[in-house]
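*Asks:* Below you will find the structure I want to go over with you.
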Amino acid sequence: MTMRNIELAQKDPWGNAAEAKPLAVTFSTARKITGLGLTSLWKAAKERRIEIARVGRRSLITYRSLEKLLLPPEPTPLARRHGRPRKQPVSEVPE
């Protein structure tokens with residue numbers, strides 16, 4: 001899917017911009033979208049940081065896995081510590 005096809009896919013039949021996203025993109029399109037090189041994309045695929053869908057001999061990258069790879073992770077709440085709580089420093093009171 002070329003960049004032009006992605007632009008067309010993001011419009012509804014009346015030509016208005018829509019929030020449609022492709023389900024999967026080729027490695028060359030993913031390279032254009034993300035700015036990453038082919039080697040980095042294949043390495044991420046090998047490490048299973050992005051999902052690959054194979055259709056015949058063609059390898060496609062799922063769009064949601066690209067978003068997951070590039071968007072910052074949501075902050076997680078701090079885990080509760082076990083054991084005795086730490087002593088609080090005693091503030092010095094001027095006399």
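*Asks:* Please list 3J(HN,Hα) in residue order for region 38-47, calculated via the Karplus relation 6.51 cos²θ - 1.76 cosθ + 1.60 where θ = phi - 60°; whole Hz, with x for glycine and proline.
*Replies:* Residue by residue, region 38-47 yields 4, 4, 5, 5, 5, 5, 5, 5, 5, 7 Hz.
*Asks:* I'd like to compare 76-87, 45-56: which one has the highest average count of other Cβ atoms within 10 Å, and what's the full order after that?
*Replies:* Peptide ranking by packing, descending: 45-56, 76-87.
*Asks:* Using θ = phi - 60° and the Karplus curve 6.51 cos²θ - 1.76 cosθ + 1.60, what whole-Hz ³J(HN,Hα) does each residue of region 22-37 get, with Gly and Pro shown as x?
*Replies:* My calculation for region 22-37 gives x, 6, 8, 10, 6, 5, 5, 5, 4, 4, 5, 5, 8, x, 8, x Hz in order.
*Asks:* Another question, if that's okay. Figure the gain on full extension for residue 47 and residue 82 (residue separation times 0.36 nm, minus the Cα-Cα span) and round it to one decimal in nm.
*Replies:* 9.3 nm
*Asks:* Further, regarding this structure: Rounded if a/c is under 1.5, else prolate if a/b is larger than b/c, else oblate: which is region 19-90, with a ≥ b ≥ c the root eigenvalues of its Cα gyration tensor?
*Replies:* Here region 19-90 falls in the prolate category.
Read the figures in this text as sums done on the coordinates, not as results from a lab. Note that the structure is predicted; figures quoted are calculated from it, not measured. We place every Cβ from the backbone using ideal geometry, glycine too, and count neighbours over all the protein chains shown.
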